[in-house]
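A.B. asks: First the structure, which I've put down as structure tokens, then a few questions once you've had a look.
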């Protein structure tokens, strides 16, 4: 003999239950559309931009230099900073290659700085840069405010590319070939035209 419960479950759904099920299905479908739409919108925006503050730099010659890059409200000049040290083995290959590229192609619309890092004497970095053919301004970072602080770099060599408005466009950790540098450098030039 069937129990009451078994016989109730075999009964066809009433129109009221069927309507309720349709409403729930439509609401779930609408919620999925909203969630997927939000995912598409948020991922299409890309990562948040990082803007650097204006800083005061000191050249290897002891002169004060204000950061060439500007702010979103007051754009300055696009900037590349090549971080190196005279005792860094990969720097001994990278800096001459980048120097050759820069001499050949020029530095139009972009300020290129060398940052001598963690030297006992700034003159060590200057001599190293001169030997590598680097003819751009060299700044020093005796307290590692830029290397470890602002740019959070783990070592040398490293290169950062900064937009006119202070946006950190690219931060490359490790050595760059002249070809890799050229690609990033040309991208920075194109962005600086805008």
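A.B. asks: Just report the Cα centroid separation between region 72-98 and region 138-194, whole Å.
C.D. replies: Distance between centres, Cα-based: 6 Å.
A.B. asks: What's the exposure ranking of 188, 95, 168, going from fewest to most Cβ atoms within 10 Å?
C.D. replies: Fewest-to-most ranking of 188, 95, 168: 168, 188, 95.
A.B. asks: Still on this model: Using packing as a proxy for protection, rank 121-129, 104-112, 171-179 so that the peptide with the highest average count of other Cβ atoms within 10 Å comes first.
C.D. replies: With the highest mean Cβ count within 10 Å placed first, the list reads 121-129, 171-179, 104-112.
Each value in this text was obtained by applying a stated rule to the coordinates, not by laboratory testing. Just so it is clear, the structure is predicted and the values come from calculations on it, not from any experiment. Here Cβ is always computed from backbone atoms with ideal geometry, including for glycine, and neighbour counts include all displayed protein chains.
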